[in-house]
Amino acid sequence: MSSTEQNVKKAADLLRQGATMLSDACPQCGMPLFRLKNGDVLCPTHGKIYLVKSDEEEEAIKKNVTMDKVEDILVNNLYYLSSKVKEDPMDQDSLMQVIRYLDAIERIRRVKVTSQGGK
Ligand SMILES: [Zn+2]
C-alpha cells in the first residue's frame, strides 16, 4: 500500500471517528486537516497540528485592539467632560458632548461585539 493510500485510509478513519475535514491543508504535506471532536487538529501524516491564526482572525484581533484604544480615549474624554459638568451643571455644551461621547462608546462596543461574534 502506497503512503498516499495509507493517508487516505487514515483520513477515512478520522471521518468515521466523527472528525470534520477542514478547508485548511497541512503546511508540510498539503493533506487536508481534520478537526477531532475534542477540538484537536490532525494531519493524517503528521499528527497533531497547531494552526496559525487565519488572516481573518488576525484582522479581527487587530480591529478589536484599535477599538479598545479608541474606547480608552473616548472614556478618558468622557471623564474630563463629566468633571466640567460637575463644576458647572448648567454647561449645556459639555452636557451635549457627554451625551455624544456616551453614544460613541456605545457604538464602538457594538462594533466590537459583532466582530468577535463572527465565526
Ligand atoms: Zn502533514
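With the requirement that a residue be open to solvent by 70 Å² or more (accessible area, probe 1.4 Å) and modelled with pLDDT under 75, what does region 43-58 give you?
50, 51, 52, 53 - these are the residues of region 43-58 that are open to solvent by 70 Å² or more (accessible area, probe 1.4 Å) and modelled with pLDDT under 75.
Checking residue 22 against (1) more than 14 Å from the ligand (Cβ to nearest atom); (2) not in a loop (DSSP other than H, G, I, E, B), which test does it fail?
Among (1) more than 14 Å from the ligand (Cβ to nearest atom); (2) not in a loop (DSSP other than H, G, I, E, B), the lone unmet condition for residue 22 is (1).
Is it true that some residue in region 17-28 is aliphatic (A, V, I, L, M), in contact (Cβ under 8 Å) with a residue 24 or more places away in the chain and farther than 30 Å from residue 108 by Cα?
Within region 17-28, not a single residue is aliphatic (A, V, I, L, M), in contact (Cβ under 8 Å) with a residue 24 or more places away in the chain and farther than 30 Å from residue 108 by Cα.
Taking the conditions exactly as written (more than 16 Å from the ligand (Cβ to nearest atom) and part of a helix (DSSP H, G or I)), does residue 85 satisfy them or not?
For residue 85, the condition - more than 16 Å from the ligand (Cβ to nearest atom) and part of a helix (DSSP H, G or I) - is met.
The values are calculated or read from the model by the stated rules, or taken from the named source; none is laboratory data. Here the structure is a predicted model, which means the values were calculated and not measured. Please note: Cβ atoms are built from the backbone with ideal geometry, for glycine as well, and neighbour counts cover all protein chains shown. Remember, those area values only see protein heavy atoms, side chains included, never the ligands or the DNA or RNA. Shrake-Rupley method; radii C 1.70, N 1.55, O 1.52, S 1.80 Å.
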